[in-house]
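The values are calculated or read from the model by the stated rules, or taken from the named source; none is laboratory data. Owing to the predicted nature of the structure, the values given are computational and were not obtained by experimental measurement. All Cβ positions, even for glycine, are placed from backbone atoms using ideal geometry, and neighbour counts span all protein chains on display.
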Amino acid sequence: MIESIRERQVPRNPGRGSHASAACGFLLVMGAGGRKEARVRAIIAERGDHPGLVHIFSVLEPCSCYRPWHEKSTGRTFLKPVGGKCLHYYFYLIDPEYGLVYVRVTTW
């Protein structure tokens, strides 16, 4: 299954319209609180449960980020944790062997 997806050459940025020719949709969700599973179940009820890519979600979620920091008073250099947000892509697909699964791809 993974090789067949790789052969399709999933676009680097699926939000640029290349998904329009595919039989799946793309949705930008702001925050992690969206009901992705419920949306996917509704799409499966409409399209059927045949194997393949079901939907792609783009979600902006908080993530751990670090900034290099140097304290002049102590001469110590370290990574300082700071708040940040990362864009995640959730690829929901139906696998013939495992059923409904998703792959989360983190970007910066």
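Selection of the range 63-78 for residues being surrounded by 13 or more Cβ atoms within 10 Å (Cβ to Cβ) and free of Cβ contacts under 8 Å to residues at least 24 places away in the same chain yields only CYS65.
Somewhere in the range 65-78, is a residue touching a Leu at 6+ places or on another chain (Cβ under 9 Å), within 22 Å of ARG104 (Cβ to Cβ) and either charged (D, E, K, R) or assigned to a strand (DSSP E or B) (or both)? Within the range 65-78, one or more residues are touching a Leu at 6+ places or on another chain (Cβ under 9 Å), within 22 Å of ARG104 (Cβ to Cβ) and either charged (D, E, K, R) or assigned to a strand (DSSP E or B) (or both). A search for C-beta distances below 8 Å between a residue of the range 79-108 that is exposed (fewer than 11 other Cβ atoms within 10 Å of the Cβ) and any residue that is of a type in the set (D, E, K, R) and in a strand (DSSP E or B), counting only pairs 6+ apart in sequence or on different chains, returns LEU79/ARG67; VAL82/ARG67. Hey, any hits in the range 35-48 for a residue that's at pLDDT below 70, within 19 Å of VAL105 (Cα to Cα), under 12 Å from the mean Cα position of the chain (by Cα) and not in a strand (DSSP E or B)? Checked the range 35-48: no residue is at pLDDT below 70, within 19 Å of VAL105 (Cα to Cα), under 12 Å from the mean Cα position of the chain (by Cα) and not in a strand (DSSP E or B).
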